[in-house]
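The values are calculated or read from the model by the stated rules, or taken from the named source; none is laboratory data. Computed from a predicted structure; not experimentally measured. FYI the Cβ positions are ideal-geometry reconstructions off the backbone, even for glycines, and counts take in every protein chain you see.
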Amino acid sequence: MPNWACGAAAITGTKPNVVKFVNRFIHSDDVNVDSREERHFARSFKNGMKQDISNEIDAAFQGVPDDMTGTYNLSVDFAWSAYSCLIDGYPQNSPDHCITLDSACIEDQVSVEIITEEGGINFEELITCDAQGELVCDCKDLLPYKCRSCGSVMSLASFNDADEYSCYECGDVGLDPVEEDAELE
């Protein structure tokens, strides 16, 4: 069982282009993605049925003309990491069926920002790509935080709100950053 990098993607473009891009993810009701006419993202999952996601996109673009841009936000999961599924690794193993993020952004004329958190290996990713295929990737370790109630130490991505995060041990809300010089328990 692989570790999962879970996160969110914000896709900006015209509605038809956003739909095309979102359909590159593997959906819950996909049967054989390798038989698709369009190339898909390797090991990149959008939980939900295609029709439900289509309805969400319709709602997000309600009132926006087809030639105007808008942004659709979705949750996504990647086997291992977004980088290995979208940029370098799995797409190169199956180039007839899979596409890289930069190629998809160029083909679909969208810009995307993806954030992920992977708690097993303890890292977070921030990946952006514009409609010209300009790609920026940042990967760093999760940060240590300490529960205000029980003192348990856990790792947290920088984009999470520590004041609203629940402790894994006691369930209380609120974590404080562990100072670099402080000894971890």
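Going by what's in this entry, would residue 112 be described as exposed (fewer than 15 other Cβ atoms within 10 Å of the Cβ), aliphatic (A, V, I, L, M) and not in a loop (DSSP other than H, G, I, E, B)? No; evaluated as a whole, the condition is false for this residue.
For segment 135-144, the condition holds for no residue, the condition being that it is in a helix (DSSP H, G or I), of a type in the set (A, V, I, L, M) and under 30 Å from residue 35 (Cβ atoms). Taken over segment 7-25, the criterion of being surrounded by fewer than 17 Cβ atoms within 10 Å (Cβ to Cβ) and more than 20 Å from residue 66 (Cα to Cα) is satisfied by 8 alone. For segment 59-71, the criterion of a residue being of a type in the set (S, T, N, Q), farther than 26 Å from residue 138 by Cβ, out of contact with any Asp or Glu (no Cβ under 8 Å at 6 or more places or on another chain) and in the same structural domain as residue 21 (by TED's automatic domain parsing) is satisfied by at least one position. Check whether at least one residue in segment 30-52 is touching a His at 6+ places or on another chain (Cβ under 7 Å), of a type outside the set (A, V, I, L, M) and surrounded by fewer than 13 Cβ atoms within 10 Å (Cβ to Cβ), and report yes or no. The answer is yes, given that some residue of segment 30-52 is touching a His at 6+ places or on another chain (Cβ under 7 Å), of a type outside the set (A, V, I, L, M) and surrounded by fewer than 13 Cβ atoms within 10 Å (Cβ to Cβ).
Has segment 109-121 got any residue that is at positive phi and not assigned by TED's automatic domain parsing to the domain that holds residue 158? Explain how you work it out, then say what you get.
Start the filter on segment 109-121 by keeping residues that are at positive phi, which leaves 109.
Add one more test, that the residue is not assigned by TED's automatic domain parsing to the domain that holds residue 158, and what stays is 109.
Taking every residue of segment 109-121 in turn, at least one turns out to be at positive phi and not assigned by TED's automatic domain parsing to the domain that holds residue 158.
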